[in-house]
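K.L.:
Sharing a structure, written as structure tokens. Questions coming.
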DNA sequence: CTGAACGTTTGAAAAATTTCAAACGTTGCA
DNA sequence: TGCAACGTTTGAAATTTTTCAAACGTTCAG
């Protein structure tokens, strides 16, 4: 294996690890990294071969990744096989998936806040303050996130010419 | 159990689940949620009791959470026990931990890019383009992140009066 | 010094997740 | 039709992660 190959493999491994922080499993991370650095779409078989896994898990993983809008299926005219490539807006989507969970949490917190206001007067003040902080945090995050997406659209348009 | 209690428990469970997306284990998520909604610092024993876990895992979890700067230890003058509370800047820190991994990945990608430029001419162009996109993405993200932290500082100051 | 109250470490058990090989269903080609 | 090339499902095996109880070391009060 030459040096570039080695580095690529390193990258794929590292990516798999890092993307656990985005709610992906290691194998999901590997598939994403592999596709990210493939100049062309890869078939299921090519993926299983590269990653040295059997078809079962890879099939499931590709489906989950599609559900999350991180990769997509494309058809090649010559072949009956499914081919996969990175979703063009993968980065945004990874971000978006996270944000959804954060929002969920936020809603739950809000619900809790109104509940506790009526009942447990003693603890309510401190809790309420903390929930308010949480709420502000998520709102700001949301705002910044939207700004980010807008700017990223521009940036991307520039890159693609 | 009254309604507010029930809701709180829901919240703690949900939080534990959601925070897997931030690289935390379920129990870590629970501890964070518990402390987030406790009006006062909790001792290890109180945490183990609330979460119905034994001391071993909770002890390890609190240490890992401290390493990530999500909770901190405080001492109560009356007791020899360790007490834990949420780190005041927990939200920022959770974010920061993620970003570090992203940056790591980015560095690796960059390294790969320079390597491949010299060697494998055929694939180099497409890969290089993709890495450039990745680079731009992370740079913008980094910028937005810093803006966010600045604004959040202001916001927080306002909230605390 | 001694004992009790702690948090931490540890090795094994339990639980959850990942993985595989094989069976299966579908599709299109001969 | 029948067969071959696929992707998917499935139940069991392997691996990893989580958990516990017990042993341990430290600290402090008496």
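The values are calculated or read from the model by the stated rules, or taken from the named source; none is laboratory data. Quantities reported herein were computed from a predicted structural model and do not represent experimental measurements. Virtual Cβ from ideal backbone geometry, glycine too; neighbours counted across all protein chains shown.
K.L.:
Residue check: is residue B:64 more than 15 Å from DNA strand D (Cβ to nearest atom), more than 9 Å from chain A (Cβ to nearest Cβ) and under 30 Å from residue A:99 (Cβ atoms)?
P.N.:
No; evaluated as a whole, the condition is false for this residue.
K.L.:
Tell me which of these residue B:17 doesn't satisfy, since it passes every other one: (1) within 16 Å of DNA strand D (Cβ to nearest atom); (2) over 30 Å from residue A:34 (Cβ atoms); (3) over 13 Å from the mean Cα position of the chain (by Cα); (4) within 14 Å of another protein chain (Cβ to nearest Cβ).
P.N.:
Here residue B:17 clears every test but (2).
K.L.:
For segment A:86-113, give me the residue count where each residue is over 12 Å from the mean Cα position of the chain (by Cα) and surrounded by fewer than 16 Cβ atoms within 10 Å (Cβ to Cβ).
P.N.:
So the answer is 6.
K.L.:
Working carefully through the options A:46, A:5, A:9, find the one that is touching a strand residue (DSSP E or B) at 6+ places or on another chain (Cβ under 9 Å), more than 11 Å from DNA strand C (Cβ to nearest atom) and free of Cβ contacts under 8 Å to residues at least 12 places away in the same chain.
P.N.:
A:46 is the lone residue from the list that is touching a strand residue (DSSP E or B) at 6+ places or on another chain (Cβ under 9 Å), more than 11 Å from DNA strand C (Cβ to nearest atom) and free of Cβ contacts under 8 Å to residues at least 12 places away in the same chain.
K.L.:
Check whether at least one residue in segment A:72-80 is modelled with pLDDT of 90 or more, near DNA strand D (Cβ under 10 Å from one of its atoms) and in the same structural domain as residue A:14 (by TED's automatic domain parsing), and report yes or no.
P.N.:
yes
K.L.:
State yes or no: is residue A:70 within 27 Å of residue B:116 (Cα to Cα), within 16 Å of DNA strand C (Cβ to nearest atom) and either within 14 Å of chain B (Cβ to nearest Cβ) or surrounded by fewer than 19 Cβ atoms within 10 Å (Cβ to Cβ) (or both)?
P.N.:
Spelling it out, residue A:70 is indeed within 27 Å of residue B:116 (Cα to Cα), within 16 Å of DNA strand C (Cβ to nearest atom) and either within 14 Å of chain B (Cβ to nearest Cβ) or surrounded by fewer than 19 Cβ atoms within 10 Å (Cβ to Cβ) (or both).
K.L.:
Here is a follow-up. Just need a number here: residues in segment A:62-78 that are part of a loop (DSSP other than H, G, I, E, B) and either under 19 Å from the mean Cα position of the chain (by Cα) or touching a residue at least 40 places away in the same chain (Cβ under 8 Å) (or both).
P.N.:
Initially, segment A:62-78 is screened for residues part of a loop (DSSP other than H, G, I, E, B), giving A:68-70, A:76-78.
With either under 19 Å from the mean Cα position of the chain (by Cα) or touching a residue at least 40 places away in the same chain (Cβ under 8 Å) (or both) added as a condition, the list becomes A:68-70.
Of the residues in segment A:62-78, 3 are part of a loop (DSSP other than H, G, I, E, B) and either under 19 Å from the mean Cα position of the chain (by Cα) or touching a residue at least 40 places away in the same chain (Cβ under 8 Å) (or both).
K.L.:
Before we move on, is residue A:145 farther than 30 Å from residue B:146 by Cβ and either under 25 Å from the mean Cα position of the chain (by Cα) or in a loop (DSSP other than H, G, I, E, B) (or both)?
P.N.:
So residue A:145 fails the test.
K.L.:
Quick check on residue A:150: is it more than 7 Å from every other protein chain (Cβ to nearest Cβ), at pLDDT below 80 and either closer than 29 Å to residue B:146 by Cα or assigned to a helix (DSSP H, G or I) (or both)?
P.N.:
It is false that residue A:150 is more than 7 Å from every other protein chain (Cβ to nearest Cβ), at pLDDT below 80 and either closer than 29 Å to residue B:146 by Cα or assigned to a helix (DSSP H, G or I) (or both).
K.L.:
Here is a further query. Looking at (1) touching a residue at least 24 places away in the same chain (Cβ under 8 Å); (2) away from DNA strand D (no atom under 15 Å from the Cβ); (3) facing chain A (nearest Cβ under 10 Å), can you tell me which one residue B:23 breaks?
P.N.:
If we test residue B:23 against (1) touching a residue at least 24 places away in the same chain (Cβ under 8 Å); (2) away from DNA strand D (no atom under 15 Å from the Cβ); (3) facing chain A (nearest Cβ under 10 Å), just (2) comes out false.
To keep it simple, each residue is scored yes or no on (1) more than 22 Å from residue A:22 (Cα to Cα); (2) in contact with a helix residue (DSSP H, G or I) (Cβ under 9 Å, 6 or more places away or on another chain).
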residue	(1), (2)
B:16	no, yes
B:34	yes, yes
B:39	yes, yes
B:50	yes, yes
B:69	no, yes
B:74	yes, no
B:84	yes, yes
B:91	no, yes
